[in-house]
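Asker: Let me begin by handing over the structure; questions about it come next.
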Amino acid sequence: MATTLSTTTSKARKIHQDHGGQYFDFCIRHNSDKEQVIDLKEIHHLNMSEEEIKSIQKSIDNNWKILPGEKYIKQAAVDGGDFWVFKSKVEIYNIIDKYHLFRED
């Protein structure tokens, strides 16, 4: 099980990969058994707000990137002997958390 060492919120000064967005993308594809671009109509079962859907669509359009000026969460963690850093736009992180998409193990 991973241990979070630190969590910070920053404003991006350069382009970063949005690991949270990529994780969301994986969760939706994995749950729908499809390997294609997310069709936001297919996730209606989550009862997302229009604002949440717009945030996801914007992230898809930006190819799951955190762009300069956007706020993001950065978590440093260790799992066994592996160290890793997770970055996610704040709004995407909040959507994943709200709909319980993060794995518990």
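Asker: Starting from the Cα-Cα distance between LYS58 and PHE83, subtract it from 0.36 nm times their residue separation and give me the gain in nm to one decimal.
Answerer: 6.0 nm
Asker: Further question on the same structure: Tally Lys/Arg at +1 and Asp/Glu at -1 over every other residue whose Cβ is under 14 Å from the Cβ of GLN17; what's the total?
Answerer: Within the 14 Å Cβ shell, the charges total +2.
Asker: Within a Cβ distance under 11 Å of LYS54, other residues only, what is the Lys/Arg minus Asp/Glu net charge?
Answerer: -4
Every read-out reported here was derived from the displayed coordinates using simple, explicitly stated rules and does not represent laboratory data. On a predicted model such as this, the values are computed, not experimentally measured, just so you know. Cβ sites come from the backbone with ideal geometry, for glycine too, and all protein chains shown count toward neighbours.
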